[in-house]
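Only one structure is covered here, and it is reproduced in the block below.
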Amino acid sequence: LFEYILITILHHTVETKIYSLPLPSVKHTSFDQLLNEVAVVLSALAHSSYESAVIAQQNFDAGMEELSAKFGANFMSGDLCTLSVLNQALDKLTQASPEIKRRIVAACVRTISNDGKITVTEGELLRAVCEALYCPLPVFT
């Protein structure tokens, strides 16, 4: 997981700046088109620090509640939530509108903070998600 986080951050910050790559164009302006990808990201974050599927499910549900989207997206088990699947989901989510990305980041924060604490792993994975989405990392108080 650490290597994935590092590669994602390097790819989206260093390579984008060195090669002056343009930001992805907006292709998605509705959550309906992206619920499966959002479920992948929230599931990955929910599993990032917990062995318990019950706690991970509760954290996922909190993130979906933040989006007001309790239905239409399913919690994924840790076995199905591979880094390859996460990467594919993030690739599609980069093409979302800025407002949708803002809401996705808010749901991610809600997912990892649902239990009242944010672990280093959760925080670093959130950083990688924000980098992949070309969004600023929220400030935690």
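Please give the peptides 27-33, 103-109, 7-13 ranked by average Cβ packing (other Cβ atoms within 10 Å per residue), highest first, as a rough proxy for protection.
Working: 27-33: 13.1, 103-109: 20.7, 7-13: 15.1.
Per-residue Cβ counts within 10 Å, averaged per peptide and sorted highest first, yield 103-109, 7-13, 27-33.
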List the aspartates and glutamates whose Cα sits under 17 Å from the Cα of K101, skipping any in the same chain fewer than 8 residues away. D32, E37, E65, E66, D91, E131
Sorting Y4, Y19 by accessible area (1.4 Å probe), largest first, what list results? Y19, Y4
Rounded to 0.05, the calculated FRET efficiency for the beta carbons of K117 and H11 at R₀ = 25 Å is 0.30
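Compute the signed sum of charges (Lys and Arg +1, Asp and Glu -1) over the other residues within less than 12 Å, Cβ to Cβ, of Q58. Don't skip to the end; give the middle numbers.
On the way: positive: R110; negative: D61, E65, D115.
That sum, taken over residues with Cβ under 12 Å, equals -2.
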For the Cα atoms of the chain, what angle does the longest principal axis make with the long axis of helix 83-93, in degrees from 0 to 90, nearest 10? 60 degrees
Computing the accessible area with a 1.4 Å probe over protein heavy atoms, can you report the carbon and sulfur percentage for the stretch 46-95? 49 percent
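What number in nm² do you get for the chain if you take the convex hull of its Cα atoms and divide its surface by four?
On the way: hull surface 32.1 nm².
Over every viewing direction, the Cα hull of the chain projects on average to 8.0 nm².
Per residue, how much accessible surface does the chain expose to a 1.4 Å probe? Answer in Å², no decimals.
Computed with neighbouring chains in place, this is 55 Å² per residue.
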Can you give the Rg and Dmax of the stretch 1-76 based on its C-alpha atoms, in angstrom? 15.4, 44
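The values are calculated or read from the model by the stated rules, or taken from the named source; none is laboratory data. Every value quoted in this text rests on a predicted model; they were computed, and no experiment measured them. Neighbour counts are summed over all protein chains in view; Cβ atoms, including those assigned to glycine, are modelled from backbone coordinates with ideal geometry. Keep in mind that these areas ignore ligands, DNA and RNA; they rest on the heavy atoms of the full protein, side chains included. Shrake-Rupley method; radii C 1.70, N 1.55, O 1.52, S 1.80 Å.
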